[in-house]
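A.B. asks: Got a structure for you, written out below as structure tokens; questions coming shortly.
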Amino acid sequence: MARLVKLSGEMAVSPRRKYSPRLPREQRREQLLDAALALITAHGYGGASMEAVAREADIAKTVVYDAFGNRHGLLKALLEREQDRVLSAIAEAMPTPPLSGDPGELLTAGFSGVLEAVRANPDTWRLILLPADGTPQGVRAEVNRHRARILRQLEPMVQWGAPRLGLGHLDHELAAEAILALVENAARLTLTQPRRYPPERIARFSADLLAGVAPGGPGTQM
């Protein structure tokens, strides 16, 4: 209903604020999560209140509460969505067993795939790799849990590839840690200095680094 406002002794009708059009529930949830992500990117977690998300999405605050219950529910849903996106990008970039081909080429292609995903969705990766001010304590625990999952996927790949590069003596667990740390740092460089460190530059470096470490260089078959 329109609001009545008293002006100079008369009652005038003040039009109610118009919000964005009604959307299907799932589409609305995605819109609200996008709004929360934009606010966190710009202002840190403290900027992503329920009221701020409603303003960003141009809808009534009650809609945000109906969708997520409270701020904890909103942030939990956002983190789950963004981690799924990151894990999906990594899974797409990683070769799937049974493995075959040149380990060096597979590693370089994987690097390139991940970094292209970072460049395509920087806010998603920034949330995971560059924690904003006021990051809830549980967020880092979730990120570390998924990081451990990626390490478990990397280890058998290292175990397969190392002997083929003349590195059969390599500690597979530490090598997987080193590879993941290199990928994480490369992704941070892509986020913070994209022009200076484009994905193709980092991919070339990873190939050169592997060539320097492996006795026979990439492509050596044992």
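The values are calculated or read from the model by the stated rules, or taken from the named source; none is laboratory data. Predicted model only: the values in this text are computed from it and were never measured. Here the Cβ is made from the backbone with ideal geometry for all residues, glycine too, and neighbour counts use every protein chain on show. The area values use the complete protein model at the heavy-atom level, side chains included, leaving out ligands, DNA and RNA. Shrake-Rupley method; radii C 1.70, N 1.55, O 1.52, S 1.80 Å.
A.B. asks: If only one of 114, 158, 143 is among the hydrophobic types (A, V, I, L, M, F, W, C), at pLDDT below 90 and assigned to a helix (DSSP H, G or I), which one is it?
C.D. replies: One residue alone meets the criteria, 143.
A.B. asks: Would you please name the residue that is surrounded by the most Cβ atoms within 10 Å (Cβ to Cβ), looking only at residues in the stretch 201-222 that are at negative phi and at pLDDT below 55?
C.D. replies: This residue is 218.
A.B. asks: From the residues in the stretch 3-55 that are in a loop (DSSP other than H, G, I, E, B) and within 15 Å of residue 75 (Cα to Cα), which one is modelled with the lowest pLDDT?
C.D. replies: 44
A.B. asks: Considering only the stretch 93-106, I want to know if a residue exists there that is surrounded by 14 or more Cβ atoms within 10 Å (Cβ to Cβ), in contact with a Leu (Cβ under 7 Å, 6 or more places away or on another chain) and outside any helix (DSSP H, G or I).
C.D. replies: Yes, that holds for at least one residue.
A.B. asks: So which residues in the stretch 98-133 are charged (D, E, K, R) and touching a Gly at 6+ places or on another chain (Cβ under 9 Å), if there are any at all?
C.D. replies: Within the stretch 98-133, 102, 105, 133 qualify.
A.B. asks: Given the conditions (1) in contact (Cβ under 8 Å) with a residue 24 or more places away in the chain; (2) open to solvent by 60 Å² or more (accessible area, probe 1.4 Å); (3) within 27 Å of the chain's Cα centre (by Cα), and given that residue 195 satisfies all but one, which numbered condition is not satisfied?
C.D. replies: (1)
A.B. asks: Which condition does residue 169 not pass, out of (1) outside any loop (DSSP other than H, G, I, E, B); (2) free of Cβ contacts under 8 Å to residues at least 12 places away in the same chain, if it passes all the others?
C.D. replies: So the condition that residue 169 fails would be (1).
A.B. asks: Scan (1) part of a helix (DSSP H, G or I); (2) at pLDDT below 95; (3) among the β-branched types (Val, Ile, Thr) for the single condition residue 64 breaks and write down its number.
C.D. replies: So residue 64 meets the others, but not (2).
A.B. asks: If you don't mind, another one. For a quick check of your reading of the model, give me the residue pairs whose first member lies in the stretch 22-37 and is without any contact (Cβ under 8 Å) to a residue 24 or more places away in the chain, whose second is buried (at least 18 other Cβ atoms within 10 Å of the Cβ), with beta-carbon atoms closer than 6 Å and at least 6 apart or on different chains.
C.D. replies: From the stretch 22-37, the pairs are 35/53; 35/56; 35/57.
A.B. asks: Looking at 128, 90, 179, which one is of a type in the set (Val, Ile, Thr), assigned to a helix (DSSP H, G or I), within 21 Å of residue 77 (Cα to Cα) and in contact (Cβ under 8 Å) with a residue 60 or more places away in the chain?
C.D. replies: 90
A.B. asks: Among the candidates 207, 187, single out the residue that is within 18 Å of residue 122 (Cα to Cα) and within 25 Å of the chain's Cα centre (by Cα).
C.D. replies: Just a single option satisfies the conditions, and that option is 187.
A.B. asks: I would also like to ask the following. Just name the residue that is surrounded by the most Cβ atoms within 10 Å (Cβ to Cβ) out of those in the stretch 161-190 that are within 18 Å of residue 204 (Cα to Cα) and not hydrophobic (A, V, I, L, M, F, W, C).
C.D. replies: The selected residue is 190.
A.B. asks: Further question: Could you please find all residues in the stretch 72-88 being in contact with a Ser or Thr (Cβ under 9 Å, 6 or more places away or on another chain) and open to solvent by 20 Å² or more (accessible area, probe 1.4 Å)?
C.D. replies: 81, 85
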